[in-house]
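Trainee: Questions regarding the structure given below will be posed in turn.
The values are calculated or read from the model by the stated rules, or taken from the named source; none is laboratory data. Here the structure is a predicted model, which is why all the values come from computation and not from measurement. Cβ placement follows ideal geometry from the backbone for every residue including glycine, while neighbour counts extend to all protein chains displayed. To get the accessible areas, we keep the full protein, side chains included, count just its heavy atoms, and leave off ligands, DNA and RNA. Shrake-Rupley method; radii C 1.70, N 1.55, O 1.52, S 1.80 Å.
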Amino acid sequence: MKILTTHVGSLVRPPELLDFLLKQQNHEAYNPREYDECLKRSVDDVVRRQKEVGIDIVSDGEYGKTMSWSRYVLERMSGLEERQDNSGGFRPAIAGKDRRDFAEFYDEYEGSQGFAGLGKMAGRLGTWVITGPIKYTAQSAIQRDIANLKAAIQGKGVKGFLPVVAPASVAPNRKDEFYKNAEDALFAIAEALNVEYKAVVDAGLYVQVDDAFLTSSYDLMVPPKTLKDYRKWAQVRIEALNHALKGIPEEKSRYHLCWGSWNGPHTNDVAIKDIVDLVLKVRAGGYSLEMANPRHEHEWRVWEKVKLAAGKKLVPGLISHSTNVVEHPELVAERIVRLAKLVGPENVIASTDCGFAQGPFARRVHPAIQWAKLRSLSEGAKIAGRSFKASPVKRRKK
C-alpha cells in the first residue's frame, strides 16, 4: 500500500527571494512587481523540487511569510504595534530552564542562528503591543499565497497545504493596552485567525496549524510552576485553537506540535504522555508530532496505550531537521512500520519533525541536506508500503 508523505512546511529560502525579504525587513526600497514575480517563481520551483523527491502533500515552503513561521501574522492583523527596544542590549531569543542549565552553550549558539541582536540578517525582535481590537486584515496576502501554491501544484499530481500559526503562538510575550485580560486577547486573536484558516480550506487546500509555543512554554513555566499549572494554562490555549478552527472541516486540517526547532539540549521539554490528552482535543484531522530526534523518538510508544480516534491521521516526524546526518530510508521505514502496527498504516502520513528553516534567515540545514532528507523520507515510505503489501498487519485491538 502507499504511505503518503509530507513535511512540516518551512523550507530554506532561495537567495533571490532572500534579497527581497531582507530589504522588506530593513525598510529598504524594492520593486513590488519584481518581488511578486520572484515569489511566484520561487514557489513554482520549490513545489517542483518537492514533487521530484517524492513528497505527496506539498507546501509553498512558507515563502510568502516575510517574517518567521509565527511572527508573519503580526503583519496581517490590525490592533498590533511593534515597539523597538533601543536599549542596545542583547535579548536572548531562547529563555527558560534549558537555557539556564546550558547558558554557555546558548550564548555561543544564538550567535550562529540568525536570532535578535546579531546584525541585519538576524532581523528585529521588538515587543508587540495590542493597542486596539484585533482583526484580520491581510486577505490580499493570504489570497496571494493561495494562488501561488495552487498554480504551482496544478497538473503535478500532488496536494497542497499552507502552514498557519495557532493562537497560543502569536506573540506570546506581547503587552496589552486594550483588552481587559489575556484570555479576551487570546480569543480575539483566535477569531481573527479563523479568517485565514477558512480562506485556505475554502480554496481547496489543507491547512496546518503550527503551535511550537504551546509546548516550549513549559520550559519557561516549570519550575517554579508545576505540570498541573502548565496543563491548566495549556487547556485554555487548546480551547482558543478550537475556536479558531470553527467551521474548518477536520479532514482538511492538521495540528503541528513541536518543542521548538532549535537544535539545543531540550532537557526540560514536556513529555508528550503528559499532554497527549490535551492534544487530541484539538478538532483537527491529523496530528503532526516530533518522533525522530533523540529527545522525543522514544515517545512513539505512547501510541501503545493511546487510541487514535477513527478518521484521524498520525503525521509523525520520521526525519529530523536538527542534524545534518541524512536518515537511511530503512530507518525511516522501521519508524513507519512500528507506528503503523499500532494505529493502522492507512492512518500514518510520513513527515518531518519540524521545518528546515525557522524563518527566512534562520535555516537549520543546508538546502542540499534538506532535499536529501526529504528524498530519504519518500524512499522509506515506499519501503514501508511494500512491507504492508507483502505481509498485511492487523491493527492491535483496544
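Trainee: If you go through segment 229-286, how many residues are under 24 Å from residue 191 (Cα atoms), of a type in the set (Ser, Thr, Tyr) and within 16 Å of the chain's Cα centre (by Cα)?
Mentor: Final tally of qualifying residues: 2.
Trainee: Give all pairs with beta carbons closer than 6 Å in which a residue from segment 127-147 that is within 20 Å of residue 244 (Cα to Cα) meets a residue that is open to solvent by less than 60 Å² (accessible area, probe 1.4 Å) and polar (S, T, N, Q); count only pairs at least 6 apart in sequence or on separate chains.
Mentor: Filtered contacts from segment 127-147: 135/78; 137/78.
Trainee: While we're on this one: Could you check residue 199 against (1) under 20 Å from the mean Cα position of the chain (by Cα); (2) more than 14 Å from residue 244 (Cβ to Cβ); (3) open to solvent by less than 40 Å² (accessible area, probe 1.4 Å) and say which number it fails?
Mentor: Going through the list (1) under 20 Å from the mean Cα position of the chain (by Cα); (2) more than 14 Å from residue 244 (Cβ to Cβ); (3) open to solvent by less than 40 Å² (accessible area, probe 1.4 Å), residue 199 breaks only (2).
Trainee: So, of the residues in segment 147-196 that are in contact with a Phe, Trp or Tyr (Cβ under 6 Å, 6 or more places away or on another chain) and open to solvent by 30 Å² or more (accessible area, probe 1.4 Å), which turns out to be farthest from residue 62 (Cα to Cα)?
Mentor: In this case the residue turns out to be 174.
Trainee: Within the set of pairs 6+ apart or on separate chains, which have a first residue in segment 18-32 that is open to solvent by 40 Å² or more (accessible area, probe 1.4 Å), a second that is polar (S, T, N, Q) and not in a loop (DSSP other than H, G, I, E, B), and C-beta atoms under 6 Å apart?
Mentor: none
Trainee: Could you identify the single residue in 289, 308 that is open to solvent by less than 10 Å² (accessible area, probe 1.4 Å), more than 21 Å from residue 374 (Cα to Cα), touching a helix residue (DSSP H, G or I) at 6+ places or on another chain (Cβ under 9 Å) and not acidic (Asp, Glu)?
Mentor: On the way: 289 fails: more than 21 Å from residue 374 (Cα to Cα).
Matching residue, one of 289, 308: 308.
Trainee: Take the residues of segment 163-195 that are touching a residue at least 40 places away in the same chain (Cβ under 8 Å) and of a type in the set (S, T, N, Q): which is farthest from residue 142 (Cα to Cα)? Please lay out each step first, then the result.
Mentor: Step one: list which residues in segment 163-195 are touching a residue at least 40 places away in the same chain (Cβ under 8 Å), which gives 163-179, 183, 185-195.
Narrowing the set further to residues that are of a type in the set (S, T, N, Q) leaves 169, 173, 194.
Details: 169: 18, 173: 25, 194: 12 Å.
This residue is 173.
Trainee: Select, from 62, 75, the only residue that is surrounded by fewer than 17 Cβ atoms within 10 Å (Cβ to Cβ) and either within 25 Å of residue 197 (Cα to Cα) or β-branched (Val, Ile, Thr) (or both).
Mentor: On the way: 62 fails: surrounded by fewer than 17 Cβ atoms within 10 Å (Cβ to Cβ).
Exactly one of 62, 75 is surrounded by fewer than 17 Cβ atoms within 10 Å (Cβ to Cβ) and either within 25 Å of residue 197 (Cα to Cα) or β-branched (Val, Ile, Thr) (or both), namely 75.
Trainee: Could you grab me the full set of residues in segment 127-167 that are closer than 17 Å to residue 48 by Cβ and among the β-branched types (Val, Ile, Thr)?
Mentor: Within segment 127-167, 153, 158 qualify.
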